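The values are calculated or read from the model by the stated rules, or taken from the named source; none is laboratory data. The structure displayed is predicted, hence computed values, not measured ones. Every residue, glycine among them, receives a Cβ derived from its backbone with ideal geometry; neighbour counts consider all protein chains shown. Surface accessibility is based on the protein's heavy atoms, side chains included, excluding ligands, DNA and RNA. Shrake-Rupley method; radii C 1.70, N 1.55, O 1.52, S 1.80 Å.
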Amino acid sequence: MSQWTLGIIGGSGLYELDGLTNLRREHIETPWGEASSELTFGELNGVPLVFLPRHGQGHRLPPGDIPYRANITALKQAGCSDILSISACGSLREELPPGHFVIVDQYVDHTQGRERSFFAPGCVAHVPMADPVCSRLSRLVAEAGTAAGIALTPRGTYLAMEGPQFSTRAESELYRQWGLDVIGMTNMPEARLAREAELPYASIAMVTDYDCWREHTDSVDVAQVIAVMRANTVKAKQLLERLTSAMSGKVRTPSPDGIETVLDTAIITPAAARDPEMVRRLTGIAGRVLG
């Protein structure tokens with residue numbers, strides 16, 4: 001049992017948090033290079049938070065160049081117990097209009113060329129991803145959003161595309177035929193890496209547009225996205241206020257999904273065969289099981 005320490009990864013439009021106390025900033029070195037930005041440490045309603053803007057200050061990193069491994073490692077080394085991802089997305093369903101929030105519970109990963117794992121030749125692991133988010137953290141987030149008066153859907157499937165371009169109409173229609181709910185560019189491989197780091201992960205997908213599938217609707221453009229994004233950012237901060245208020249003073253127990261111990265049965269390379277240099281790089285996220 002322990003205290004909550006919530007890592008917040010802010011997406012497009014969310015580059016800082018308001019109302020934090022005991023504020024400080026710190027740069028954390030990782031074996032995977034520089035994180036997107038320095039980390040901001042603070043408290044909200046007495047709950048320790050560690051904030052990281054995914055695209056860096058000034059939104060200088062496109063989705064395919066975000067240092068996902070460094071970001072997750074930095075948050076793990078900063079002492080985060082859980083991670084909450086906040087990101088903009090497009091809607092693939094009429095009933096999920098701009099301004100709506102979706103608490104993601106499943107993913108289809110169509111990203112390309114991104115480093116999807118901390119593990120590599122010299123130390124191999126296979127973590128389960130059937131249920132890629134933490135059910136408890138996702139439920140708490142949904143409850144906080146509802147209490148804040150935000151229109152949200154508590155479950156949904158997120159199509160992770162490579163970008164940085166938006167979809168073609170044919171692609172958007174195909175994803176709708178697959179029964180998917182929202183589309184974005186940044187939750188993968190972020191969710192995969194959080195699982196390998198044994199960090200419970202939840203995701204708020206904030207709808208900014210209808211992608212481009214809708215007849216008689218203009219295709220997506222940045223000006224349209226930014227306009228909705230500003231309003232969504234205000235709502236996200238209200239949700240965080242409610243979430244931390246609900247967490248305040250509560251003892252945190254391990255995730256009911258067994259996430260904090262997922263590496264116990266995931267590493268397949270026996271100790272004698274592991275590459276010492278790879279083990280050294282993995283210590284920040286897997287030191288609990290690597291020794």
Quiz item: Pick from 234, 47, 262: which is most flexible by mean-square fluctuation in a GNM of the chain where alpha carbon atoms under 10 Å apart are linked?
Solution: 234
Practice problem: Return one number: the angle in degrees, 0 to 90 and rounded to the nearest 10, between the long axis of the Cα atoms of helix 68-77 and the longest principal axis of the Cα atoms of the chain. | Solution: 60 degrees
Quiz item: If you place +1 on the Cβ of every Lys and Arg, -1 on the Cβ of every Asp and Glu, and leave all else neutral, what size is the dipole of segment 148-282 about its Cα centre, to the nearest 20 Debye?
Solution: 540 debye
Quiz item: Of the listed peptides 235-245, 274-284, what is their order by residue-averaged count of other C-beta atoms within 10 Å, with the highest listed first?
Solution: 235-245, 274-284
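With +1 assigned to the C-beta of every Lys and Arg and -1 to the C-beta of every Asp and Glu, and no other charges, what is the dipole magnitude of the chain about the Cα centre in debye, to the nearest 20?
Numbers: 27 positive and 34 negative charges, 120 e Å.
So the magnitude is around 580 debye.
Counting only other residues whose beta carbon sits under 11 Å from that of residue 103, what net charge do I get with K and R as +1, D and E as -1?
Values: positive: 139, 155; negative: 105, 143, 181.
Taking every Cβ under 11 Å from that of residue 103, the sum is -1.
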Practice problem: Work out how much length residue 268 to residue 146 would gain on full extension: take 0.36 nm times their residue separation and subtract the Cα-Cα distance, in nm to one decimal. | Solution: 39.7 nm
Practice problem: Rank 289, 90, 231 by how far each Cα sits towards the positive end of the charge dipole of the chain (+1 on Lys, Arg Cβ; -1 on Asp, Glu Cβ) and give me just the farthest. | Solution: 289
Quiz prompt | Partners for residue 76 among aspartates and glutamates (Cα-Cα distance below 15 Å; same-chain residues under 8 apart left out) | solution = 26, 29, 34, 38, 190, 196, 198, 260
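Can you give me the accessible area per residue for segment 39-101, using a 1.4 Å probe, in Å²?
Details: 1730 Å² over 63 residues.
Per-residue accessible area for segment 39-101 comes out at 27 Å².
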Quiz item: At what distance in nm do the modelled label points of residue 60 and residue 168 sit from each other, each positioned 7 Å from its Cα along Cα→Cβ?
Solution: 3.4 nm
Quiz item: Between residue 18 and residue 129, what is the label-to-label distance in nm when each label sits 7 Å out along the Cα-to-Cβ direction?
Solution: 3.6 nm
Practice problem: Summarise the accessible area of the chain (1.4 Å probe, protein heavy atoms) by the percent that is carbon and sulfur. | Solution: 52 percent
